[in-house]
Amino acid sequence: MPASKRRIPVSQPGMADPHQLFDDTSSAQSRGYGAQRAAGGLGYPASSTSSQAAFLADPVSNMAMAYGSSLAAQGKELVDKNIDRFIPVTKLKYYFAVDTVYVGKKLGLLIFPYLHQDWEVQYQQDTPVAPRFDVNAPDLYIPAMAFITYILVAGLALGTQDSARRFSPDLLGLQASSALAWLALEVLAILLSLYLVTINTDLTTIDLVAFLGYKYVGMISGVLMGLLFGKTGYYLVLGWFCISIFVFMIRTLRLKILAEAAAEGVPVRGARNQLRMYLTMAVAAAQPLLMYWLTFHLVR
């Protein structure tokens, strides 16, 4: 069983800093309009002379401004610390560190997981690299956008059914609440199962939300094909995505759950390892069932 943590060199071609979540554009700005303004080539007065003159002219207001800036900085730091205690903002930034190339590759992986060979997540110094550098890394951008799109597509499907009077704005809230309730139930069930089986894994709650949220991509495609081509198109497209998400979840979760067992030296045919395999299969098998349960009533 291969290890789930693949180390990469400190620097790779095309990857300046794998830990950098977003591109730094400050250097480009400093070479542009800002640099020209600093040079004083546009007719602005010199900054050093004007600042000294302003301070000598009104020292009290300048001291008050400096004191206010210091208080604002301290307040911002205090707010950031308190927010991070309850909401892991830093961790959430990691899951949204994506770009257009990553989104395209990830959608292709969700549609055709059979063509993908290397499923190991890349690590550098025991820290996973940003998702935009690794297509195997989980993200929350695609699940979040897919969930919102699913609610909108569900409203469109309900509004175009034979009896248009059935549609009301309240149905959108009901559809969203139902989908969130099932997602929360899935996460709680998996966490409870991991606790009962005593599995040591680096699979976090946010990882589970990301992996479970990928099924909304197939649900959207199935409902749209159902609106265009009827139930035949719905069942064909949804069936394809059901198989794809099953394969995707098996190959992804086995590196998170089963590889930890191999690292601990647990025998492949041991009782505990069998429970890990059953849990992985159960999570993967639940995705097609929920995809059908949350979409079959939207296609008539």
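How much length, in nm to one decimal, is gained on full extension between A144 and S178, taken as 0.36 nm per residue of separation minus their Cα-Cα distance? Here the segment from A144 to S178 would lengthen by 10.7 nm. If you wrap the tightest convex hull around every Cα atom of the range 162-225 and split its volume per residue, you get 105 Å³.
Residues with beta-carbon under 12 Å from that of F248, excluding F248: net charge, scoring Lys, Arg +1 and Asp, Glu -1?
Working: positive: K106, K215, R251, R254; negative: none.
Charge balance near F248 sits at +4.
Using the average count of surrounding beta-carbon atoms within 10 Å as a protection proxy, the listed peptides 279-289, 212-222 rank, highest first, as 212-222, 279-289. Take the Cβ atoms of L236 and S69, set R0 to 51 Å, and the FRET efficiency comes out at 0.25.
Our estimate of slack between D126 and T160, defined as 0.36 nm per intervening residue step minus the Cα-Cα distance, is 7.2 nm.
Residues whose amide H lies under 5 Å from that of V121, counting only those 5 or more places away or on a different chain, are R6; hydrogens are built 1.01 Å from N in the peptide plane.
The label point for I151 and the one for F112, both projected 7 Å from the Cα toward the Cβ, are 3.3 nm apart.
Each reported figure results from applying straightforward, stated rules to the coordinates on display, with no laboratory input. Note that the coordinates shown come from a computational prediction; the quantities given were computed from them, not determined experimentally. Neighbour counts run over all protein chains shown; Cβ positions are idealised from the backbone, glycine included.
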